[in-house]
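Notes follow the structure.
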Amino acid sequence: MRVADAIRRLRALEQKTRPEPPELEAALERRWAQLPEAIRGPSQMLGRRSTGCEGTHGVFPRCDLACTPCYHSRDSNRVRTDGDHTAREIGSQMKNAREIRGPGVHAQLIGGEVTLLGPEAHAGALRQMIEHDRKPMSMTHGDFDYEYLETLALDPETGRPRFSHLSFAGHFDTTMHGRRGIKRARSEAELNPYRRRFCELFARLEREHGVTSYLAHNMTVTPRNVEQIPALIRDCRGMGFRMFSFQPAAHVGNPSRWKDRFRVQTDDEIWERIERGVGARLHYRAMQWGDPRCNRTAHGGFSGDRYWTLFDQDDPRDIRMRDLFMAAAGGMDFASSKPLLFTRLLRALAREPRALFAAVPFAFRLAGRMGGPVRIIHRRPTAVTVVMHNFMDASVVKPAWDGLERGEISDEPEIRAAQERLQGCAYGMSHPEDDRMVPACVQHAVLDPAENLALARLLPLHESGSDAEAGDRPVATEGSGTRDPAGKVTRA
């Protein structure tokens, strides 16, 4: 019996120390098999490096800002924020996501405004996501105080950190109305003090309590603010954001919030303005995540005001390094504990030893792109990811999804293209009742209206219709937070 136990333990240890444990390996294989043939290839990371990203839905759809456009349906602001409901839904969704997508997946705690949850309910949601081996990121408009953040981060009994690290994405742009201190920004530059304040909250948290953070900046792009992208990046690249994410506006959600002809600029035109702000070419073809019509991702960073790219998509040596890295590490999670990571790295190099030899000249090339040793010493490089997520209009998503549900591929070029993009979606939402992941475009364009209408009956507000529609003064409930008319955050 002891011998059998020892064998089982050794087998479990062997599986755990693989670069890709069996559960993750199986999930990656399933995801790769689901991709359309057209987007498979050596640069495709979905199904090889990751199974994709995830987001929650229907857990707290209400928001206390008014945005034009807003991707949430008309009824989302008729649903009260309720901590118990949030806990139940997140537990169910994350359990199902783990079964489908495997461990170690990045998951967004998203709905309406996350800080309308009280800090205890918010912390409980993050703990649940971590327990299901998700890497949570809280999505917020950033209009909260240090008191809220500190209460979220610290254990109420001991006063010590209950999280060693927090990830937040702050959404700041001129399409958003109702922020404290600037109800309606006339330019993106007017929001820079609020962006800086957001980053400073987390810098203070690290100074005072040792809790580190990863901060992303989200921006909805419309014809009204697209020309302000270059200045925004130049102004904000040193504030502390580790990601700049741009979403060209789509006709999704509440139609009363659609104020512009959103499809004026092409993807290339928006990307050119992003590159102008970065001050360099962005090599998004080196590592592709899903369909290129949906996602462009450039991995690199800044050394002072100098941008450097991780992989040069036009340099065969860099592409070879990328391929050797994937052959060695594949979907390996680099956020593991140090002993486990060291063991996995050794096994990865044993699987593809050429990666170690190629890494040395690659490191020299990368250092050159950063400006050389002297600049690296004096201008410490900071990794910054630049992404553009292109959501689809509801008018094309619905027929595309309806066809896929019937097992039909459309002959109409626009609908067929939408079907291909949905099949290659890198951002899914869990539906335990159907035991599947649904693309985010489908969630917002097809499923949200009925879901939020049902939630409005389950979790009704006690407000006038005008207040509910505008998103003003949400009603505080158990485990929830609200703002008084002066904008001060209070918590139940």
Signed unit charges on C-beta, dipole axis of the chain, positive-most listed residue 304, 148, 419: 304
Give the percent of DSSP beta bridges with both residues in the chain that are antiparallel, rounded to the nearest 5. 45 percent
Rounding to the nearest 10 and keeping the result within 0 to 90°, find how far the Cα-based axis of helix 338-351 lies from the longest principal axis of the chain. 50 degrees
Could you give the angle, 0 to 90 degrees to the nearest 10, between helix 354-369's Cα long axis and the longest principal axis of the Cα atoms of the chain? 60 degrees
Counting other beta carbons within 10 Å of each residue's own, what order do 435, 402 fall into, fewest first? 435, 402
Options (i) 1.03; (ii) 0.95; (iii) 1.00 for Rg/Rh (Cα atoms, Kirkwood Rh); the value derived from the coordinates is listed as (ii)
Take 175, 212 and order them by how many other Cβ atoms sit within 10 Å, fewest up front. 212, 175
Per DSSP H run of at least 4 residues, take -39500 (n - 2.57); add these up for the chain, divide by its residues and hand me the 222 nm value, nearest 500 deg cm²/dmol. -12500 deg cm²/dmol
Amide H contacts under 5 Å for residue 60, restricted to residues at least 5 apart in sequence or on another chain and with H modeled in the peptide plane, are 112
Return a single number: how many Lys pairs in the chain, at a sequence separation of 8 or more or on separate chains, have alpha-carbon atoms below 29 angstrom apart. 10
Helix 83-101 versus the longest principal axis of the chain: what angle, 0 to 90°, nearest 10, using Cα atoms? 30 degrees
Inter-label distance, nm, simple model (7 Å from Cα along the C-beta direction), residue 242/residue 227: 3.6 nm
Suppose every K and R has +1 on its Cβ and every D and E has -1 on its Cβ; what is the size of the dipole of region 2-491 about the Cα centre, in Debye to the nearest 20? 1800 debye
Give me the distance between the Cα centres of region 190-220 and region 306-380, rounded to whole Å. 28 Å
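Every number in this text was worked out from the coordinates using simple rules, so none of it is lab data. In this text the structure is predicted, and so the values were computed from the model without any measurement. Methodologically, a virtual Cβ is constructed for each residue, glycine included, from the backbone with ideal geometry; neighbour enumeration extends over all protein chains shown.
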